[in-house]
Amino acid sequence: MKENIKEVATLVGGFFTAIMGFLATLNIKYAWLTEASISAFVTVIIAGGMLAVGIYTAWKNTYVSKRGRKQKAELQKKGLK
């Protein structure tokens, strides 16, 4: 999953870099569209993806939800937990 997030972030970063290069050839410049801003945006995508995966994993691997509590009760009933 981590590799997928990094691949998507790299794809987005490459897309923005390509747009920046294309606009530069047309002599169109945006002050906010720089290599540093693209790099920062890619970092935010990676961090957000890792946060989402971490939250999802923690939620799925605990018995907090109603479904999880039922599962825990069944496991305890069968002596597996």
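Only the coordinates and a few stated rules stand behind these numbers; no lab work does. These figures come from a predicted structure and were not determined experimentally. As a convention, Cβ positions derive from the backbone with ideal geometry for all residues, glycine included, and neighbour counts pool all protein chains shown.
Among the trypsin sites (Lys or Arg not before Pro) within region 1-71, those in coil by DSSP and having at most 16 neighbouring Cβ atoms inside 10 Å are LYS29. Counting every other Cβ atom within 10 Å of each residue's Cβ, LEU33, LEU26 order from fewest to most as LEU26, LEU33. Label separation (SER65 vs TYR30): 3.7 nm, computed from points 7 Å beyond Cα along the C-beta direction.
Using the Kyte-Doolittle scale, find the helices of the chain whose mean hydropathy is at least -0.5 and whose Cα atoms extend 24 Å or more along the helix's long axis, counting only whole DSSP H runs. Display every interim value, and only then the final one.
Numbers: long enough: 2-25 (35 Å, 0.80); 35-60 (37 Å, 1.32).
Those that pass (Cα extent of 24 Å or more, hydropathy at least -0.5) are 2-25, 35-60.
Between ALA52 and ALA40, the contour length at 0.36 nm per residue exceeds the alpha carbon distance by 2.5 nm.
For the chain, compute the number of Lys pairs whose alpha carbons are separated by less than 13 Å, excluding pairs fewer than 8 positions apart on the same chain. Write out the running numbers ahead of the final one.
Numbers: LYS60/LYS72; LYS70/LYS78; LYS70/LYS81; LYS72/LYS81.
Close lysine pairs found across the chain: 4.
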